[in-house]
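Asks: This structure is in structure tokens; I'll ask about it shortly.
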Amino acid sequence: QRRAIESTEAAIGAGQREILLAMATGTGKTKTCVALIYRLLKTGRFRRVLFLVDRSELGNQAADAFKSLRKNRLSSRVFPSPS
């Protein structure tokens, strides 16, 4: 998860606008995306992020992950602030 986030941030920093993350089943894709979206918004470079899913259950999982994020406020021990 950390490598996916770091690679995505590096690609964005290099000016890449289209990025595809491929992760195996059970590796925490939803939580990784939620953490990445949090970090992108926190930088102030992005105001909005589209999170699109193809099944309602994935939407429910994402909504739960966002609620959990708000509740736990991702401590710097889990995902440190972008530098």
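The values are calculated or read from the model by the stated rules, or taken from the named source; none is laboratory data. Note that the structure is predicted; figures quoted are calculated from it, not measured. Note that each Cβ is placed from the backbone with ideal geometry, even for glycine, and that neighbours are counted across all protein chains shown. To get the accessible areas, we keep the full protein, side chains included, count just its heavy atoms, and leave off ligands, DNA and RNA. Shrake-Rupley method; radii C 1.70, N 1.55, O 1.52, S 1.80 Å.
Asks: State the number of residues belonging to the stretch 39-83 that are open to solvent by 100 Å² or more (accessible area, probe 1.4 Å), in a loop (DSSP other than H, G, I, E, B) and either at pLDDT below 70 or closer than 18 Å to residue 6 by Cβ (or both).
Replies: Result for the stretch 39-83: 4.
Asks: Okay, next question. Any chance you could count how many residues in the stretch 9-24 are surrounded by 10 or more Cβ atoms within 10 Å (Cβ to Cβ) and either among the small types (Gly, Ala, Ser) or over 22 Å from residue 65 (Cα atoms) (or both)? Break it down into steps so the answer makes sense when it comes.
Replies: Kept after step one, since they are surrounded by 10 or more Cβ atoms within 10 Å (Cβ to Cβ), are these residues of the stretch 9-24: 9-13, 16, 19, 21, 23.
Next cut, either among the small types (Gly, Ala, Ser) or over 22 Å from residue 65 (Cα atoms) (or both) only: 10-13, 16.
Result for the stretch 9-24: 5.
Asks: Here's a follow-up. Do we have any residue at all in the stretch 25-37 that's farther than 22 Å from residue 6 by Cβ, among the basic types (Lys, Arg) and either surrounded by 13 or more Cβ atoms within 10 Å (Cβ to Cβ) or at pLDDT 85 or above (or both)?
Replies: No.
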